[in-house]
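The values are calculated or read from the model by the stated rules, or taken from the named source; none is laboratory data. This one's a predicted model, so the numbers in the text were calculated from it and none came from an experiment. Cβ placement follows ideal geometry from the backbone for every residue including glycine, while neighbour counts extend to all protein chains displayed.
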Number of protein chains: 2
Amino acid sequence: MSTSRRTFIAAAATVAAATSGASAAVNTYPKLAHHVFFWLKNPGSKEDLAKLLAGLKTLTAIETVRGAHFGVPASTEKRDVVDNSYSASEILFFDDLAGQKIYQDHAVHKKFVADCSHLWERVVVYDAMSA
Amino acid sequence: MSTSRRTFIAAAATVAAATSGASAAVNTYPKLAHHVFFWLKNPGSKEDLAKLLAGLKTLTAIETVRGAHFGVPASTEKRDVVDNSYSASEILFFDDLAGQKIYQDHAVHKKFVADCSHLWERVVVYDAMSA
């Protein structure tokens, strides 16, 4: 089945789970979180943002992606520690380092970079392993 | 039920879902992703890191938290765009801005800041709404 299907089912299960009961545990999302923040060359261009988001969403077709969240700055409270200067964000979850490596080298990822990298002027990646 | 229970069930469902079939959709994690990166004052202190991670894990008791991932830099490939200088990371998912505000003002969050803020020298927050 496709990754997008898995993502959908996981989210549906989250909703269902909120009303049921089971034993407790924390920190059980897939182990490797790949956070990426993009700053567009033309931050005011809705068209460029739409192209970038469309490109990001193709990445869920990669078979090792276990979950995804794509976003734009939220209108949370302004605080000194909050960076809302970016244009778009990506979180992809992988089971392990090997899954992330397959993603990096995958044709779908390379096509995304080829199609969209002219849109951004800066990108910052944080890869985090569950701890 | 507790948030930690919900998190556990959601993850268990993700595993189960990976082997089943259903209709496709993407980007269905809870809408608001709250990413936080911490740089410790003493980045070499395993004790300080353990205290910070233990403090972070208390945050899942807040009733509006729908999912959580706590991590440390992963040993992915070194690339210019990858920032692995931080000490610990946090992702919390909320349904909406209101859920995030309840979290910010919650006694459990205030206790975490009171107990742990002396440990870090820098914190960066990115709040991202699904797009």
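Keeping to segment B:31-52, report how many residues are closer than 13 Å to A:Tyr126 by Cβ and either buried (at least 16 other Cβ atoms within 10 Å of the Cβ) or of a type in the set (A, V, I, L, M) (or both). Steps first, answer last, please.
We begin by selecting, within segment B:31-52, every residue closer than 13 Å to A:Tyr126 by Cβ; these are B:33, B:35-39.
Right, trim to either buried (at least 16 other Cβ atoms within 10 Å of the Cβ) or of a type in the set (A, V, I, L, M) (or both) and you get B:33, B:35-38.
Selection size over segment B:31-52: 5.
Residue-by-condition table, conditions (1) β-branched (Val, Ile, Thr); (2) within 25 Å of B:Val113 (Cβ to Cβ); (3) under 14 Å from the mean Cα position of the chain (by Cα):
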residue: A:Val36; (1), (2), (3): yes, no, yes
residue: A:Asp80; (1), (2), (3): no, yes, no
residue: A:Val108; (1), (2), (3): yes, no, no
residue: A:Ala114; (1), (2), (3): no, no, no
residue: A:Ala128; (1), (2), (3): no, yes, yes
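Of the residues that make up segment B:113-129, is at least one β-branched (Val, Ile, Thr), more than 10 Å from every other protein chain (Cβ to nearest Cβ) and touching a residue at least 24 places away in the same chain (Cβ under 8 Å)? So far as segment B:113-129 goes, no, none of its residues is β-branched (Val, Ile, Thr), more than 10 Å from every other protein chain (Cβ to nearest Cβ) and touching a residue at least 24 places away in the same chain (Cβ under 8 Å). Summed over segment A:53-64, residues that are hydroxyl-bearing (Ser, Thr, Tyr) and either at the interface with chain B (Cβ under 7 Å from one of its Cβ atoms) or crowded, with 24+ Cβ neighbours inside 10 Å (or both) total 1.
Yes or no: segment B:21-40 includes at least one residue that is assigned to a helix (DSSP H, G or I) and modelled with pLDDT of 95 or more. Within segment B:21-40 (the criterion being assigned to a helix (DSSP H, G or I) and modelled with pLDDT of 95 or more), the answer is no, since none of the residues qualifies.
If A:Ala68 satisfies every condition in (1) facing chain B (nearest Cβ under 9 Å); (2) more than 22 Å from B:Leu97 (Cβ to Cβ); (3) in contact (Cβ under 8 Å) with a residue 60 or more places away in the chain but one, which is the exception? Going through the list (1) facing chain B (nearest Cβ under 9 Å); (2) more than 22 Å from B:Leu97 (Cβ to Cβ); (3) in contact (Cβ under 8 Å) with a residue 60 or more places away in the chain, A:Ala68 breaks only (2). Of the residues making up segment A:65-123, those that are in contact with a Pro (Cβ under 8 Å, 6 or more places away or on another chain), part of a loop (DSSP other than H, G, I, E, B) and either aliphatic (A, V, I, L, M) or crowded, with 19+ Cβ neighbours inside 10 Å (or both) are A:Arg66, A:Tyr86, A:Ser87.
When A:Phe93 is tested against (1) farther than 22 Å from B:Phe38 by Cα; (2) among the hydrophobic types (A, V, I, L, M, F, W, C); (3) under 13 Å from the mean Cα position of the chain (by Cα), exactly one condition is not met: (1).
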